[in-house]
Amino acid sequence: MIEIRHLKKSFGDKHVLKDVSLTFPKGKTTCILGGSGSGKSTLIKCLIGLLDATAGQILVDGHDITKITSEMKLAAVRRRFGYLFQEGALFDSMTVGENVTFGLKYLTDVPEANYPKVIKEKLALVGLREDVARLNPSELSGGMKKRVSLARVLAVEPEVILYDEPTTGLDPIMSDIISDLIIDLKAKLGVTSIVITHDMHSAFKIADYIAFLYEGNILLRGTPEEFRKTDNPYVKQFVTGSSKGPIQMKLRAE
Amino acid sequence: MFASIGRYVNYLFSEVGGAAEMIRSCVFWLTRSRFEWGQAVEQSVTIGVDSFGVTALTSLFTGMVLALQAGNTIGNIFGDPIFVGTIVTFSLIRELGPVLTSVVVSGRAGAAVTAQIGTMAVTEQIDALYTLGTNPIRYLVLPRMTGFIFTLPILTLFSNLFGILGGYLVAVYALGVPGEVYLTDITSYMGVRDFMHGFIKTFAFAFMIGTVCCYKGISTRGGAEGVGKSTTGAVVTTIVLILVLDYFLTAILTAFGI
């Protein structure tokens, strides 16, 4: 299980995460909702150690990873996590196949002779044919890039997958395909998923738990059902996607 | 005004500190992990191939113009264009060879390195490396630093040869200096010490170009505009530092009798 306790993250005098406490149960999908600039990406980058927390604790199976200062030990923790980047972050100097197997060399003992098998297997898991492996990332559509990126994450068989806005920039059908994939992977592989998104349709479909992040604080954490029924005006406005409500009023006041 | 000076000094220190931290990390990974030989060789070849043509052309014409200027000036004073070979070679191997080659390499290969690493930074590919168990300093920076340190001295050697050849062509075919005299002027008055003076400098220049260009790349923020700014910044910084460093290196090497 992963637990965040009173996490704070500031960039200079800009306090992005003010006091975030959350738990992510093993084998479940937790969606973190929030508007643009609410600190969602910062939160998961702190989780994987790409950003150092200003204060607070991040406990992975009881061990506080914010206390790790050794690069080697941090790399060992990162091995347990997979990260799906918003734009895919595929290495554009490599083919799709080389991208998928990139992590194997450093994170696993899989011999190089087995790489073609891994490529075929992981591309199939994300619904892509084996011949895509020969293509360059620049030849792929947005949805395919995300799926290849997911195959690259899956290749190293992580226990936890962090999804950074997996449906952003995709058409509604492709968004739904990606949502189905996230559900499928949880069922097949039993991975813990942490998804940051502002796509309500996808969140309600995939989440076991949802947390709402607003101005660096968690306003509500609960099941999708609790989110549908909440009276919290901020959450309600976000869930219904209304332009009228406290969030807009706050923007006007600024 | 003081505030802006203060901000600039602060920026300068943070840049120097960041680059120093990157070098520390390079040393750490050099001693703690398997060296990426494949990457290093690939980078050396890329840097060499990228810069060879421009370096050769620049040096050829530098040697030619040196011969022309020296020949005409000495001819006006002494009546004959004497010591053209000595002047051309002396200027080239001690100063112009290393400096011009470094400037060309910085503008050609250095800019490419900053742009490539910078693009990787703004498209989250550097973060992706971290998440896939690969330290970007070890995987991207170390091989490129090695590439510069390995390639620049070799390119300078070729650059010197092309410059001497350019000087030869002008001395022999435009100024009427016998070819043998041109070559004897070189061998009689120049020694290994002069060669070493220029050669040692190239290692320092290569280390500086690698450090600045990789650091500017890895610290790039702000999309395509950021990549442009980093690349321009890297080239301007390296060219200025080559000239500044050249003075101090000359002073130090001369003090040690090299």
Out of everything in the stretch A:67-112 that is closer than 19 Å to A:V191 by Cα and of a type in the set (A, V, I, L, M, F, W, C), what residue ends up being surrounded by the most Cβ atoms within 10 Å (Cβ to Cβ)? A:V100
When you scan the stretch A:59-83, how many residues do you find that are within 14 Å of another protein chain (Cβ to nearest Cβ) and either in contact with a Lys or Arg (Cβ under 7 Å, 6 or more places away or on another chain) or of a type in the set (S, T, Y) (or both)? 3
Here is a list of conditions, (1) surrounded by 16 or more Cβ atoms within 10 Å (Cβ to Cβ); (2) in contact with a strand residue (DSSP E or B) (Cβ under 9 Å, 6 or more places away or on another chain), and A:K236 meets all of them except one; can you say which number that is? (2)
So A:V160, is it surrounded by 17 or more Cβ atoms within 10 Å (Cβ to Cβ), closer than 21 Å to A:L104 by Cβ, touching a Leu at 6+ places or on another chain (Cβ under 6 Å) and among the β-branched types (V, I, T): no
Going through B:V99, B:V104, B:V113, B:V84 one at a time, which residue ends up being out of contact with any Ser or Thr (no Cβ under 8 Å at 6 or more places or on another chain), at pLDDT 95 or above and closer than 30 Å to B:V172 by Cα? B:V99
A:I194 is checked against (1) closer than 18 Å to A:G27 by Cβ; (2) without any contact (Cβ under 8 Å) to a residue 12 or more places away in the chain; (3) among the hydrophobic types (A, V, I, L, M, F, W, C) and fails just one. What number does that condition carry? (2)
Could you run through the stretch A:90-135 and say how many residues are without any contact (Cβ under 8 Å) to a residue 24 or more places away in the chain, facing another protein chain (nearest Cβ under 9 Å) and not aromatic (F, W, Y)? 2
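Conditions tested, residue by residue: (1) within 14 Å of another protein chain (Cβ to nearest Cβ); (2) touching a residue at least 40 places away in the same chain (Cβ under 8 Å).
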site	(1), (2)
A:V16	no, yes
A:T23	no, no
A:S36	no, yes
A:L43	no, yes
A:I48	yes, yes
A:A53	no, yes
A:G56	no, yes
A:G88	yes, yes
The residue from A:I177, A:I182 that alone is closer than 26 Å to A:G49 by Cα and not in a loop (DSSP other than H, G, I, E, B) is A:I182
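The values are calculated or read from the model by the stated rules, or taken from the named source; none is laboratory data. None of the values given here were measured: they were computed from a predicted structure. Counting neighbours? That spans all protein chains shown, and the Cβs are built from the backbone with ideal geometry, glycine included.
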